[in-house]
1. Compute the FRET efficiency between residue 315 and residue 186 as 1/(1 + (r/R0)^6), taking r as their Cβ-Cβ distance and R0 = 35 Å, and round to the nearest 0.05.
2. Restricting attention to the range 191-282, which trypsin sites (Lys or Arg not before Pro) occupy a DSSP loop and are surrounded by at most 10 other Cβ atoms within 10 Å?
3. If we count other beta carbons within 10 Å of each Cβ, what is the order of 181, 122, 186, fewest first?
4. Compute the length gained on full extension between residue 240 and residue 269: take 0.36 nm times their separation in residues and subtract their Cα-Cα distance, giving the result in nm to one decimal.
5. Can you give the FRET efficiency to the nearest 0.05 for residue 90 and residue 251, using r as the Cβ-Cβ distance and R₀ = 45 Å?
6. Provide the convex hull volume over Cα atoms per residue for the range 131-247, in Å³.
7. Amide H of residue 127: which non-local residues (sequence gap of 5 or more, or other chain) have their own amide H closer than 5 Å, using H built in the peptide plane?
8. Under 8 Å for C-alpha pairs, at least 6 residues apart: give me the relative contact order for the chain, rounded to a whole percent.
Amino acid sequence: MFRQFTSVLHSKVWLLVALLGLVGYESNAQAVYPDKPIRIIVPFAPGGGTDQVARTLASGMSTALGQTVIVENKPGAGTVIGTDFVAKSSPDGYTILMATFANAVNTSLLTKLPYGSNKAFTPVVLVGRGPNILVVRADSPFHTLEDLLKEAKAHPQSLTYASQGIGTSAHLAGELFTYLTQTQITHVPYKGAGPAMTDVMGGQVDMTFGTSSAVVKHIQNGRLRALGVTSPERLPALRNIPTIAEQGVVQYSVESWYGLFVPTGTPENIVRSLNEAAKVAVNQPSFHELADNEGLTIVADTPAQFASYLAGEEQRWRNVITQNKIQTD
């Protein structure tokens, strides 16, 4: 009887040890993140401001995470193609969206989104914010905002402005500008800031309200001429460029931003890991140099703070789009 009891006891002890081992193994398996390369999906063509921010961020995050972080461009449909790709990806932290201003406005601007709404995503971190800049090619006949407005009012629909896609900050900056100035300027959407900049500099399009990260270097090297900044305050890197508001277009204010989203359902510990890695990345000298040169204000907040900012931006632009009756092309 005693031997039987001892045998049963030993069996139970070994079973308990085995179960504890499995629990420990499962815990370790869950904790090992990342164990393969991570992709940041940029919903624009290569060469634009969002692409530059994403690539600089990816480099710093690779170091912080001890794993390769690559950037993959999936442009088209005003960011919807790349955004939808991430929304339908596995919520495992290996596919991240480089979110932008477009994510705050597309829910109001577009009647049907394949991913439904921003509830398809979990905000990770608001990387930074920055103004847009109204620019024309270097040899444009427009030297001031007043020059441009005179032409736009004298010859309605004769001028064009490029954007990196429908629903982007450049698009809405133009829509708000034409509404407040009561002008008619034709919108020409592209699949990214790179192609848009090329055609503005080449003279195929008259102007663009480009993000600071996309246009500052072209202003500094003399390929573009800046006529005004979209933010309420002047850009520290370009103090000599007046704001559009101070040039008479009162109540005019547009701001670009960059952040990271993951699909809804991504485990909280992975969201925290990505948030912490992004904070390390934005504190690298390379990212500070990018921010300083291109007028970006680094934010690097918590997921909850980013979610609150996003909700505020969605509401603000929903009001602007509705009140101004802004429609997609």
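1. Step by step, r from the Cβ atoms, then E = 0.75.
2. Loop-located and lightly packed - 239.
3. Lowest count first: 186, 181, 122.
4. Taking residue 240 through residue 269 to full extension adds about 5.9 nm, to one decimal.
5. 0.55
6. Per-residue hull volume (Cα only) is 89 Å³.
7. The answer is 258, 259, 260, 300.
8. Relative contact order, the chain: 26 percent.
Computed from the coordinates by the stated procedures, all read-outs in this text should not be read as laboratory data. Just so you know, these numbers come straight off a predicted model, no measurement behind them. Reconstructed Cβ throughout: ideal geometry from the backbone, glycine too, with neighbour counts over all protein chains shown.
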